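For reference, the structure discussed in these notes is given below.
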Amino acid sequence: MRLAALICCASFLLMPVRLGAEPIIITHGFGETRIENTPQRIVSVGYHEQDFLYALGIAPVGVHEWFGARPYATWSWAEDARAALGAKPEVQRGFEIDLEWVWQQKPDLIVATFAPLDQRIYDRLSQIAPVIGPPLGYAAWTAPWQAEMHLIAQATGRTDQGDAVTVRVEQELADLAATYPKLAGTEVAVAYVSGTELIGYGSGDGSNRLMAALGLKIPTEYDGLADGSGNFSVSLERLDIFEKDVALWLSDEDGRALIEGLPAYRESALSKNGRSVWADAEEIGAMSFQTPLSISWVAGRLMPRLDKAASNHGGNQGNSPKTPSSD
């Protein structure tokens, strides 16, 4: 995304923020949390919440790494924002929340809006510090990023800043959609290659929400295929499910070789007409994170290639660039 827009307003974001005389009551998926004072030591136990905190001008003292083994669990799209804050958080590795590690960070607020959380873990964390769970009213892992931003901004006394970030990112996506008007209504299949399975997503998934915000159409049948977590898996023999106007493949090189080696793929319009776009590792990370810092960044990289693929009638022009995605 255009990180410069965030960095240039750093002086605004870094201004001390005080909660009012009254405590803040936050309602979330696990109930209500009362926050008495402005948090000073925030720990994120979710997988991507560090991006939201950086976007708000907040340096967490601890974060939970999801995947990628990046320094400070911070990917390229968020690195400038982290560096501008001088944030050097401790990092917890591993899928589950390490309660002892959280306690050692001495947090006064625990952010868990996108975390492997159940009632038992929530109750244990609440004995350490106030906890902000996932947005109310959504199945696990399916809340839109805007709802997460609102909760985190509210809990940290930065509601105005959170609203400003949300408006900015939504405008950037609208501007991108206007830049590529021919993509409007183009049906896109987002597919993740997992071994010998293909993972697809319903319309409520973050990746498909992003595609819809950019003007593309999500296949209506995907909602019927998706389970409670918002995705579905099929064998390679059901490649036909992903034969749409364009396909966005989230895959490593081995997965790509597997797909491109399938006779059914070689005979498909996706292959013959060059209508596949292959995301690189950093773009796959950004599509997974779906945060205020990753969304515009990855959309800006993918839209030109999606546009080219959608209008392609020969020769695979939708490949990811050869240069590393840290630019």
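Reachable lysines from residue 244, Cα under 26 Å, same-chain residues fewer than 8 places away excluded? Within the straight-line cut-off, residue 244 pairs with 182, 217, 272, 308, 322.
Most tightly packed first, judged by the mean number of other beta-carbon atoms within 10 Å of their residues, the peptides 247-255, 190-198, 52-60 read 52-60, 247-255, 190-198.
Charge tally around residue 142: other residues with Cβ under 13 Å, Lys/Arg +1 each, Asp/Glu -1 each, net -3.
Remark: the residue 99-residue 194 segment gains 31.2 nm on full extension, using 0.36 nm per residue and subtracting the alpha carbon distance.
Using a cut-off of 11 Å between beta-carbons, work out the net charge of the residues near residue 92 (Lys and Arg +1, Asp and Glu -1, residue 92 not included). Walk me through the numbers before you get to the answer.
On the way: positive: 93; negative: 65, 90, 96, 98, 100.
My count for the surroundings of residue 92 gives -4.
Compared with the direct C-alpha span, the chain from residue 220 to residue 174 gains 14.3 nm at full extension, assuming 0.36 nm per residue.
So how do 244, 217, 106 line up by other beta-carbon neighbours within 10 Å, fewest first? Could you put the intermediate results ahead of the total?
Details: 244 21, 217 17, 106 13.
Ordered by Cβ neighbours within 10 Å, fewest first: 106, 217, 244.
In what sequence do 175, 205, 223, 280 fall when counting other Cβ within 10 Å, fewest first?
Fewest-to-most Cβ neighbours within 10 Å comes out as 175, 223, 280, 205.
Ranked by the mean number of other Cβ atoms within 10 Å of their residues, highest first, the peptides 165-172, 43-50 come out as 43-50, 165-172.
Inter-label distance, residue 272 to residue 140: 4.3 nm, where each label sits 7 Å from its Cα along the C-beta direction. Couplings for region 216-231, taken from phi via the Karplus curve 6.51 cos²θ - 1.76 cosθ + 1.60 with θ = phi - 60°, read 7, 9, 8, x, 5, 6, 5, 5, x, 7, 6, 8, x, 7, x, 9 Hz in order; Gly and Pro are left as x. Rounded to the nearest whole Hz, the Karplus-based 3J(HN,Hα) values (6.51 cos²θ - 1.76 cosθ + 1.60, θ = phi - 60°) of region 252-262 follow the sequence 7, 5, 5, x, 5, 4, 4, 5, 5, x, 6, with x at glycine and proline.
Remark on residue 231: its backbone amide H falls under 5 Å from those of 202, a criterion applied only to residues 5 or more positions apart or on other chains, H modelled at 1.01 Å from N. Treating the chain as a set of equal point scatterers at the Cα positions, no solvent, please give the Debye-formula log₁₀ I(q)/I(0) at q = 0.11 Å⁻¹. Evaluating at q = 0.11 Å⁻¹ gives log10 I(q)/I(0) of -0.71. Taking 7 Å steps out from each Cα toward its Cβ at residue 34 and residue 124 produces label points 2.5 nm apart. Reducing region 86-141 and region 273-309 to their Cα centroids gives an inter-centroid distance of 29 Å.
Scoring 75-84, 132-141 by mean Cβ neighbours within 10 Å over their residues and listing the highest first yields 75-84, 132-141.
Taking other residues whose beta carbon is less than 10 angstrom from the beta carbon of residue 30, and scoring Lys, Arg as +1 and Asp, Glu as -1, yields -3. Taken one residue at a time, the phi angles of region 170-184 give Karplus couplings (6.51, -1.76, 1.60, θ = phi - 60°) of 4, 5, 4, 5, 5, 5, 5, 4, 5, 6, 10, x, 5, 7, 4 Hz. Gly and Pro are set to x.
Read the figures in this text as sums done on the coordinates, not as results from a lab. Model, not experiment: these values are computed from the prediction. Cβ sites come from the backbone with ideal geometry, for glycine too, and all protein chains shown count toward neighbours.
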